[in-house]
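Below is one structure, written out as C-alpha cells; the observations come after it.
Taken together, the values in this text are just the output of simple stated rules run on the coordinates, not laboratory data. Quick caveat, the model's predicted, so the values are computed rather than measured. Cβ placement follows ideal geometry from the backbone for every residue including glycine, while neighbour counts extend to all protein chains displayed.
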Amino acid sequence: MGLFNFDTLPVNTLVGADWKTFKSITEGRYVAPDKKAKILLTKSICRLLSPLAVLQENKYKKLLADKPLENDPLFILGHWRSGTTFVHNIFAQDKHFGYTTTYQTVFPHYIMAMQGFLKPIMKLVMPSRRPTDNMELSPDLPQEEEFALAGMTPYNYYNFWFFPYHMQEYCDRFLTFRDITDEELQEFKTNFEKLVKLSLWNTGGTQYLSKNPSHTSRVKALSELFPRARYIYLMRNPYTVFESIRSFFINTIKPLQFHTITDEEMERNILRNYMELYHAYKEQKKTLTASPVPSQGGANEAVVSPSPWERLFYEVRFEDIEKDALAITEDIYKKLDIPGWDEAKPAIEKYILSKKNHKKNKYQYAPRTIELVNEHWGEVLDEWGYERL
C-alpha cells in the first residue's frame with residue numbers, strides 16, 4: 001500500500017511532463033479554487049525536474065534516435081473497460097515484447113536517466129491497486145502509453161483528465177484526429193515513435209506491445225507510422241462497458257483534474273465518444289490492406305490476400321477470452337503471425353491461471369443504463385450480436 005490513495009493524491013501525472021508541454025496544456029485553462037494547491041505543487045515539481053530532461057535527450061539522440069525498429073508494434077485496441085488491461089498483461093509475459101511501464105507513463109523524460117532516483121519515490125507514494133477494478137499497480141508493470149504521451153506532447157486526448165470541460169474538443173482533435181492539424185499530427189507521430197524506442201530500451205524487448213484504447217480511432221495514422229503493425233480489437237458487452245467506464249471516469253479522474261464537471265456531463269461525453277471511437281475504427285480499418293504475399297504462381301509474383309484485414313486484425317469478444325484465454329491467445333499468435341508462441345506459452349499459461357480467482361466487479365444494469373445504451377449504442381449491440389435488454 002502506498003502513502004496515498006487515488007482520492008488523496010496531492011499532485012497529478014503532469015509532474016513528469018516537460019515544461020513546454022505542461023505550459024501548453026495548462027495555459028488559458030480554468031483551474032477551480034479548490035484545485036489551486038494541486039496545480040501549484042504539480043507545476044513546481046515539473047519545473048524543478050524539467051532541466052534534467054536533457055540528460056535523457058542526449059542519451060536518446062546518441063543511442064536510439066537513428067536506430068531502426070526490428071519489428072513494428074502489436075496494438076491492443078478497444079474501448080476503455082473492454083478487457084485491454086488483462087490482454088496486455090497476458091502478452092507482456094512474452095519476453096520478446098517490450099512495453100511502456102507505469103513509471104514511464106508518469107516520467108517519460110526520465111527513463112534513461114533519473115529512473116533509479118524517481119522510481120523508488122513513486123513506488124512509495126502511489127496506490128497499490130486501481131480503485132475501479134482492484135487490478136495491481138506497480139511502477140514496473142505494463143501500462144497504457146497515452147499517459148506517457150500526455151507528458152511529451154500537448155496533442156493528447158488525456159488532457160481531459162486534467163480539464164474535463166474540454167473533453168469533446170480533445171476527442172475531435174486528439175482522439176479521432178478529425179480536427180488535428182498536419183503539424184500536430186506529425187508531432188504526435190514523432191513523439192510516439194520516440195516513446196516506442198524508449199520503452200523497448202527500458203524493458204529489453206524487441207517488439208513493442210501497445211495497450212491504449214485511444215489508439216482505436218488512430219489506426220490510419222498508426223499504419224502510416226508502422227505499416228507492418230498488427231492489431232487485436234476487443235469487443236465487450238456495451239451494457240457492462242457503460243457501467244464500468246462511467247464508474248472509472250467519474251471516480252478515477254477526480255484526483256487528477258484541475259476543475260470538475262457534473263456526473264451527468266461526463267455521462268453524456270462517454271455516450272458520444274464511445275460512438276466516435278467505434279465509427280473511427282470501422283472507417284479507418286477499411287483504408288488498410290495487408291502487405292503483399294508470394295502467390296503460388298512464383299516466388300517473384302505477389303498478390304494481396306483476398307481478406308487483407310484478417311492478416312492485420314484479430315477481432316474478439318472479451319467474454320470469449322474470459323472463457324478460454326489460453327486458446328484465444330494461441331490463436332492470435334497464429335493468425336497474426338506473431339513469433340515465439342512455444343517459448344512464451346509456459347509464462348502466459350502461468351499468468352492466466354494466477355488470475356482465475358481474481359474478483360471482478362459485478363454489474364446489475366439499472367433500467368436507466370439499459371435505456372441509454374439501447375438509445376445511443378444500439379448499433380453496436382446489433383452489429384456485435386449482443387442481445388438487447
| remark: Expressed in µm² per second, the diffusion coefficient of the range 145-203 from the Stokes-Einstein equation, with Rh the Kirkwood radius over alpha carbon pairs, at 4 °C and 1.567 mPa s, is 110
| field | Magnitude of the charge dipole, the chain, Cβ model with Lys/Arg +1 and Asp/Glu -1, debye to 20 | value | 1240
| request: Could you work out, for the range 105-234, what percent of all Cα-Cα pairs fall into each 10 Å distance bin, beginning at 0 Å and stopping at the bin that holds the largest distance? | output: 11, 39, 36, 14, 0
| task | Quick one: Debye curve from the alpha-carbon atoms of the range 315-389 only, equal weights, vacuum; give me log10 I(q)/I(0) at q = 0.14, 0.16, 0.17, 0.27 Å⁻¹ to two decimals. | result | -0.67, -0.79, -0.83, -1.24
| Mean Cα-pair separation over length for the range 113-255, i.e. relative contact order, pairs under 8 Å, 6 or more apart, % | 21
| task | With an 8 Å cut-off on Cα pairs and a minimum separation of 6 or more residues, tell me the relative contact order of the chain in percent. | result | 23
| said: Report the per residue volume, in Å³, of the convex hull enclosing the C-alpha atoms of the range 1-125. | reply: 169
| field | Three principal axis lengths of the range 160-272 [C-alpha, angstrom, descending] | value | 42, 32, 25
| query | Given 103, 203, 55, which one lies farthest toward the positive end of the charge dipole of the chain, if we put +1 on the Cβ of every Lys and Arg and -1 on the Cβ of every Asp and Glu? | reply | 55
| message | Quick check on the chain: helices-only [θ] at 222 nm, where DSSP H runs of length 4 and up contribute -39,500 (n - 2.57) each and the sum goes over total residues. Nearest 500, please. | response | -14500 deg cm²/dmol
| Percentage, to the nearest whole number, of Cα pairs in the range 57-165 over 21 Å apart | 46
| Which listed pairs, of 23/282; 119/355; 20/119; 285/334; 254/323, have C-alpha distances above 31 Å, in listed order | 23/282; 254/323
